[in-house]
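Report on one structure; see the data block that follows.
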Amino acid sequence: MIGYAVTKGWRDEGLNPARWPKHLENVLPAKGDIRDIKHFAAIPYQEIPSFYAKLKTREGLAARCLELAILTAVRTNDLLTMRRDHVDLTARVWTIPKTKTGVEHRVPLSDAAADLLSRIFADYPDDGSGFVFVGDKPGEPMSNGAMLRCRDRMIDDELISKGAMTPHGMRAAFKSWAGDCTSFERGVIEACLSHTISDKIEAAYRRSDFLDKRRKLMQAWAEFCAGKTAEIVTLHA
């Protein structure tokens, strides 16, 4: 607004008193320090195998969507807008063209995730929209509410407790498990979650998305979710 006034000749050109760089940033706290952080309810990773087993008994596309949310640890919006032509079951890779952070993200598919998608493609034919998880309205993707309703029905059936989880919270469960129970480096774990690199120098020099290492980590996660390991062991990248 001040720049506009200068252009119109209504104000002499000079320092904008509300400028943030090299001005207000010196006297006010950083935006991130005062922003409220909202945490999504998440099941402790130790309880994921039990929840996953219960979820697999539920019928419907919303239950399969929630199942894939666990196996891939992706953001809910990326999952709901997933398209069939972005999935390569031969290479076992799902490519998200543009995530919340504005970049392409390749998701390695574990054996369980690839098998699940194969079943979804067979059981739920394309309605013409190309979406993997179609909604109630033709041509539109499923809403987050569909997964929440699936969760609520599990609460009603006393399979899980109220307030125990949200679909997005599955990412937190994965991150806690990977940090506590594996030896994969932090960069690999963060890459699985498609998190941006806060360190500008590290971001400038990173040229890999760790796809091969992430594939091993996601396979280990899928096996843990399925209860295939009797005890948690340290996994090597």
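Quick note: the coordinates plus some simple rules give every number you see, no bench work behind them. The shown structure was predicted, so the numbers you read here are calculated from the model rather than taken from an experiment. For neighbour counting, all protein chains shown are included, and Cβ atoms are generated from backbone atoms with ideal geometry for every residue, glycine included.
Observations on the structure shown:
- The 3J(HN,Hα) values that the Karplus relation (6.51, -1.76, 1.60; θ = phi - 60°) gives for segment 145-154 are, in residue order, x, 5, 5, 5, 5, 4, 4, 5, 5, 5 Hz. Gly and Pro appear as x.
- Classified by the C-alpha gyration tensor, segment 45-225 has an oblate form. Its axis ratio a/c, with a ≥ b ≥ c, is 1.5 or above, and a/b does not exceed b/c.
- Peptides 101-109, 137-145, ordered by how many other C-beta atoms sit within 10 Å of their residues on average, highest first, read 101-109, 137-145.
- Rounded if a/c under 1.5, otherwise prolate or oblate - segment 66-140, Cα gyration tensor axes: oblate
- Cβ crowding within 10 Å ranks GLU59, GLU223, GLU185 as GLU59, GLU185, GLU223, fewest other Cβ atoms first.
- Nonlocal amide H pairs with VAL134, under 5 Å, H built at 1.01 Å: MET142
- If you take all other residues with their beta carbon under 14 Å from the beta carbon of GLY145, and give Lys and Arg +1 and Asp and Glu -1, the sum is +1.
- Listed by Cβ neighbour count within 10 Å, with the fewest neighbours leading, LEU117, LEU159, LEU79 appear as LEU159, LEU117, LEU79.
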